[in-house]
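Working notes, structure below.
The values are calculated or read from the model by the stated rules, or taken from the named source; none is laboratory data. All of these numbers come straight from a predicted model, not from anything done at the bench. All Cβ positions, glycine included, derive from the backbone under ideal geometry; neighbour counts span all protein chains shown. Areas reflect the complete protein model, heavy atoms only, side chains present, ligands, DNA and RNA absent. Shrake-Rupley method; radii C 1.70, N 1.55, O 1.52, S 1.80 Å.
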Amino acid sequence: MEKLSKFLSYGRQVVDENDIQAVVDILRSSFLTQGPKIEEFEAAIAEYVGAKYAVAFSNGTAALHGACFAAGIGEGDEVITTPITFAASANCVRYVGGTVVFADINRNTYNINPYEIEKKITSKTKAIIPVDFTGQPADMDFINEVAKKHNLVVIEDGAHSLGAEYKERKVGTLADMTMFSFHPVKPITTAEGGIIVTDNADYYRKLQVFRSHGVEKTPYSIEQGDWYYEMTDLGFNYRMTDLQAALGLSQLNKIDYFLNRRREIAQMYNEAFAMIPEIKIPVQLEGSYSGWHLYMIQLDEKISRIDIFRKMRNLNIGVHVHYIPVYWHPYYQQLGYKKGICKNAELYYDHALTLPIHPSLTDEDVQYITTNLIKLVESY
Ligand SMILES: *Cc1c(COP(=O)(O)O)cnc(C)c1O
């Protein structure tokens, strides 16, 4: 098979003329930021997932920071999350002074294991941040049950899972607060952007205040005049712009197409690798309908991952690895986390390989990837 001349990245955005026009229209309007598009986008996302409220942020990490603030996490509080995630799922706890506790993953779904969560609960535990890794929802019924028993807040990191379903319920209705990211590799994009959805009016108000300098929209009294406002908390400037919100609204129109194409590609991979014992395909839980943000395989122990990685990259196939266990990063090592604390996560990481998946991959691209990968692993 001849080497492909284009590079197939593991993920990328799809932006069409409608998206471009939507942004240009905002550039010609009165508001580049703090205009009407933000609320329109928030309402559209809330409606799409079936949540009461949504608060848009400048990015998903800022949104997670806001959720930790709204949940009242602070110094001395422990928050449990998975090590197989992007560092932001844990870093947000550090931003508010909390302590991150890592619970091991399920060997089959690669999502946080609720039994492992229970083992890590102490009198200081305040919240759980499950991550819908690859777009497959975490085991939210079980996690909510544990949370209820111990009076914990659940903040779902749905950066990968906009549009995904769990037992016929959409992600966004399964936790106290759910975060979605709109980074270009995520299900839909606003360039940078994130959002929290919730049904809780108190969280909603706190998120709004936190996003905009800690300023409350206080109704002014007659003696005060309409310049008056109060800063009641130490907030940030984490606002999304109208340019981003307009792009997000336009992108949301295409989410069904995006998700269907991702599912088609995942299906092609599953079928191609079904009879290849050296490649373990990702296990989906009964009733789970993944958003397929990532397609992860596990390579057999006898295969050198770095060797396959390099050979695939040489063929212009943008394989990747998601993720290095978060506590392996020097920042967390310096805080005292030891290697070996989550055995399944580390075993998973040693053999993991990310294959490209995004809506603009053609069937021929997918075939090029599967044919080459199978040839490589069978040469061992
Ligand atoms: C992308 C991502 C984030 C952070 O989102 P940004 O919008 O890039 O800040 C958080 N958690 C996970 C799992 C992610 O993949």
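Which residue is nearest to residue 91 (Cα to Cα), if the candidates are limited to segment 129-145 and must be more than 11 Å from the ligand (Cβ to nearest atom) and either of a type in the set (Asp, Glu) or at pLDDT below 95 (or both)?
Checked segment 129-145; the qualifying residue nearest to residue 91 (Cα to Cα) is 139.
Out of (1) outside the structural domain of residue 161 (by TED's automatic domain parsing); (2) in contact with a strand residue (DSSP E or B) (Cβ under 6 Å, 6 or more places away or on another chain), the odd one out for residue 238 is which?
Among (1) outside the structural domain of residue 161 (by TED's automatic domain parsing); (2) in contact with a strand residue (DSSP E or B) (Cβ under 6 Å, 6 or more places away or on another chain), the lone unmet condition for residue 238 is (1).
Might you let me know whether segment 2-22 holds any residue that is away from the ligand (no atom under 16 Å from the Cβ), buried (at least 19 other Cβ atoms within 10 Å of the Cβ) and in a helix (DSSP H, G or I)?
There is at least one residue in segment 2-22 that is away from the ligand (no atom under 16 Å from the Cβ), buried (at least 19 other Cβ atoms within 10 Å of the Cβ) and in a helix (DSSP H, G or I).
Does residue 275 satisfy the condition of being exposed (fewer than 12 other Cβ atoms within 10 Å of the Cβ), of a type in the set (A, V, I, L, M, F, W, C) and out of contact with any strand residue (DSSP E or B) (no Cβ under 7 Å at 6 or more places or on another chain)? Write out each step before concluding.
Numbers: exposed (fewer than 12 other Cβ atoms within 10 Å of the Cβ): yes; of a type in the set (A, V, I, L, M, F, W, C): yes; out of contact with any strand residue (DSSP E or B) (no Cβ under 7 Å at 6 or more places or on another chain): yes.
Spelling it out, residue 275 is indeed exposed (fewer than 12 other Cβ atoms within 10 Å of the Cβ), of a type in the set (A, V, I, L, M, F, W, C) and out of contact with any strand residue (DSSP E or B) (no Cβ under 7 Å at 6 or more places or on another chain).
Quickly run through segment 15-44 and pick out the residues that are touching a helix residue (DSSP H, G or I) at 6+ places or on another chain (Cβ under 7 Å) and either among the basic types (Lys, Arg) or under 30 Å from residue 295 (Cα atoms) (or both).
Residues satisfying the conditions are 18, 19, 37, 41, 44.
If we scan segment 77-86, do we find a residue that is open to solvent by 10 Å² or more (accessible area, probe 1.4 Å) and either away from the ligand (no atom under 16 Å from the Cβ) or among the hydroxyl-bearing types (Ser, Thr, Tyr) (or both)? Write out each step before concluding.
The initial filter retains those residues of segment 77-86 that are open to solvent by 10 Å² or more (accessible area, probe 1.4 Å), namely 77-78, 86.
This time we only want the ones that are either away from the ligand (no atom under 16 Å from the Cβ) or among the hydroxyl-bearing types (Ser, Thr, Tyr) (or both), so: 77-78.
Yes.
Any idea which residue in segment 97-115 is farthest from the ligand (Cβ to nearest atom), counting only those that are touching a residue at least 60 places away in the same chain (Cβ under 8 Å), of a type outside the set (S, T, N, Q) and open to solvent by 10 Å² or more (accessible area, probe 1.4 Å)? Give the steps one after another, and end with the answer.
Initial filter on segment 97-115 (touching a residue at least 60 places away in the same chain (Cβ under 8 Å)): 100, 102-110, 113.
If we keep only those that are of a type outside the set (S, T, N, Q) as well, we get 100, 102-105, 107, 110.
From what's left, open to solvent by 10 Å² or more (accessible area, probe 1.4 Å): 104, 107.
Values: 104: 17, 107: 19 Å.
The selected residue is 107.
Considering each of 63, 43, 54, 67 in turn, give the residue that is away from the ligand (no atom under 16 Å from the Cβ) and either of a type in the set (A, V, I, L, M) or assigned to a loop (DSSP other than H, G, I, E, B) (or both). Outline the logic, then answer.
Values: 63 fails: away from the ligand (no atom under 16 Å from the Cβ); 54 fails: away from the ligand (no atom under 16 Å from the Cβ); 67 fails: away from the ligand (no atom under 16 Å from the Cβ).
Every option except 43 fails the conditions.
Among the residues of segment 165-204, count how many are part of a loop (DSSP other than H, G, I, E, B) and within 13 Å of the ligand (Cβ to nearest atom).
Going through segment 165-204, the residues part of a loop (DSSP other than H, G, I, E, B) turn out to be 167-168, 171-176, 182-193, 199-200.
With within 13 Å of the ligand (Cβ to nearest atom) added as a condition, the list becomes 171, 182-193.
The qualifying residues number 13.
Checking residue 260 against (1) open to solvent by 70 Å² or more (accessible area, probe 1.4 Å); (2) assigned by TED's automatic domain parsing to the domain that holds residue 361; (3) in contact with a Phe, Trp or Tyr (Cβ under 7 Å, 6 or more places away or on another chain), only one condition comes out false. Which one?
Going through the list (1) open to solvent by 70 Å² or more (accessible area, probe 1.4 Å); (2) assigned by TED's automatic domain parsing to the domain that holds residue 361; (3) in contact with a Phe, Trp or Tyr (Cβ under 7 Å, 6 or more places away or on another chain), residue 260 breaks only (3).
Yes/no per residue for (1) modelled with pLDDT under 95; (2) surrounded by 24 or more Cβ atoms within 10 Å (Cβ to Cβ):
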{"residue": "177", "(1), (2)": "no, yes"}
{"residue": "189", "(1), (2)": "no, no"}
{"residue": "202", "(1), (2)": "no, no"}
{"residue": "227", "(1), (2)": "yes, no"}
{"residue": "234", "(1), (2)": "no, no"}
{"residue": "243", "(1), (2)": "no, no"}
{"residue": "250", "(1), (2)": "no, no"}
{"residue": "255", "(1), (2)": "no, no"}
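Go through (1) open to solvent by 40 Å² or more (accessible area, probe 1.4 Å); (2) closer than 30 Å to residue 347 by Cα one by one and return the number of the condition residue 47 breaks.
The single condition residue 47 does not satisfy is (2).
Can you tell me which of 162, 207 is touching a helix residue (DSSP H, G or I) at 6+ places or on another chain (Cβ under 8 Å), in contact (Cβ under 8 Å) with a residue 60 or more places away in the chain and within 12 Å of the ligand (Cβ to nearest atom)? Let's see the steps before the verdict.
On the way: 207 fails: within 12 Å of the ligand (Cβ to nearest atom).
Exactly one residue qualifies, and that residue is 162.
Looking at residue 372, is it modelled with pLDDT of 95 or more, within 13 Å of residue 319 (Cα to Cα) and of a type in the set (S, T, N, Q)?
yes
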